[in-house]
Amino acid sequence: VIDFAALAAEDRCDPLASQRDEFLLPAGVVYLDGNSLGPLTRRAAERVGAVMLEQWGESLIRSWNEHGWIELPRRAGAKIARLIGAAPDEVVVADSTSANLFKVAAAALRARPDRRVIVSEAGNFPTDLYTLEGLLDLLGPGYELRRVEREQLGSALTSEVAALCLTHVDFRTGARHDLAGLTAAAHKVGALAIWDLAHSAGALPVELGAADADLAVGCGYKYLNGGPGAPAFVFAARRLQEELRCPLQGWLGHAAPFEFAGHYRPAPGIDRFQNGTPPILALAALDAALEVWDGLEMTVVRAKSMALTSRFVALVETECAGLGLCLASPRNPAGRGSQVSFAHPEAYAVMQALIARGVIGDFRAPDLLRFGFAPLYVGFEDVGRAVAALREVLATEEWRQEQWQRRATVT
Ligand SMILES: *Cc1c(COP(=O)(O)O)cnc(C)c1O
């Protein structure tokens, strides 16, 4: 049995409990999918309304100066910098994670002109692999994406390697890489380290500066709650910025966009990773959502995240014992991000039935039930409710109903 009184007591002692009021979550929903799409914040709803009506509506084009739209990519970037252990002038918001990965991987190859190999993990997030493939194909014969298993990463790093490109926290299992250790291993062979922080920024402390990381990209709409398709971010270590060249040479990455010069001259610093005109409404939503983090310490967020995921694993394993689930995430909370996955042969239908009960997680092919625990709005009672619903769905075999078997386009 699930001790809901004990879980409620834990919620009362939670130093982050009041953060939930920042979010406009529908009543009755346990939201365990903030690792895929963070929920709407009050601040974003208010800000986007104001930016539309008061800024766009009233000030029109004057807003670029009067309301500082032109600086917004840097202002939002500086807020993210604090969450990932970077300096404010090392992060800028621009484009999508996929586009940013293309930009930083190309910049890394250019910074190592005598090397033609990028090493990544075979199980990396597909967009990362596709993007690297596309870049290396474009560059032509001799360029190679070397996909290796997790355990072989160390031995794959040779003097031919220009860059090691990894996702810090695995999207399927939540397993986390040793960012500092692998960065040091890449540096040892003269390669650059590129990190995808899609499942890390806002989920756990990241210390890019302390790890001496070179380049990173990350997502605005997962744990940072920037909204569907929110712009993403780029990090480039200050010590490298002046030597890096971004291959997408849009005018907003130019040193003087309003000189309208005929030739490209990269902007100093991180601004060279900007490209075209930023989507101000989307950027305003992200910037407003980032205010939620003001004054919060990632160590406190991490402590609650580990407690939530550990409680979930323990409760699932007792309450759902014998019901066909197998833990697919590292058992040690230190080894995972802020998500937990369980394998089940009918994971898709199980997740659909669970969602119908108001517990929203997601399915990841081929057989994973994935649950994200965003500590700013998920509590311990939510964990109990999620496990109780999961037990019901499995014990009654509710998932066998035909309506839960039909695959939607987005899973
Ligand atoms: C979600 C995610 C992305 C998203 O890329 P988009 O360009 O925003 O679609 C990239 N990488 C990883 C590891 C992700 O989890």
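Among the lysines of the chain, pairs at least eight places apart or on separate chains and with Cα atoms under 27 Å apart come to 6.
Classify the range 321-377 from the C-alpha gyration tensor, please: rounded if a/c falls under 1.5, else prolate or oblate depending on whether a/b exceeds b/c. Oblate shape, in that a/c is at least 1.5 and b/c is the bigger or equal ratio. The mean sequence separation of alpha-carbon pairs under 8 Å and at least six residues apart, normalised by the residue count of the chain, gives a relative contact order of 22 percent. Using a simple spin-label model with pseudo-atoms 7 Å out from Cα toward Cβ, ARG20 and ASP212 lie 4.4 nm apart. The angle between the Cα long axis of helix 72-83 and the main principal axis of the chain comes to about 50°, on a 0 to 90 degree scale.
What is the Cα centroid distance between the range 338-411 and the range 90-157, reported in whole angstrom? Using only Cα atoms to place each centre, the spacing works out to 33 Å. On the basis of the beta-carbon distance and an R0 of 22 Å, VAL1 and THR396 show a calculated FRET efficiency of 0.80.
Loop-located GluC sites (Glu not before Pro) in the range 288-348 (DSSP state other than H, G, I, E, B) with a sparse environment of at most 14 neighbouring Cβ atoms within 10 Å: GLU297. Exposure proxy for VAL1, VAL350, VAL189: other Cβ atoms within 10 Å of each Cβ, ordered fewest to most, give VAL1, VAL189, VAL350. Each residue of the range 40-55 was assigned a 3J(HN,Hα) from its phi angle through the Karplus curve 6.51 cos²θ - 1.76 cosθ + 1.60 (θ = phi - 60°); the sequence is 5, 9, 4, 4, 5, 4, 5, 5, 5, x, 5, 5, 5, 7, 8, 8 Hz, with glycine and proline shown as x.
Can you give the Rg to Rh ratio of the chain, both from alpha-carbon atoms, with Rh computed by the Kirkwood formula? Rg/Rh: 0.99. Compared with the dominant Cα axis of the chain, that is its longest principal axis, helix 280-290 is turned about 60°. Restricting the calculation to Cα atoms, the range 1-128 shows an Rg/Rh of 1.08 when the hydrodynamic-style radius is the Kirkwood one. Between SER155, SER329, SER200, the Gaussian network model of the chain with springs among Cα atoms under 10 angstrom shows the greatest mean-square fluctuation at SER155.
Throughout, read-outs are computed from the coordinates displayed, never taken from laboratory work. Note that the structure is a prediction, hence the values are computed from the model and not measured. Note that we place each Cβ from the backbone using ideal geometry, even for glycine, and neighbour counts take in every protein chain shown.
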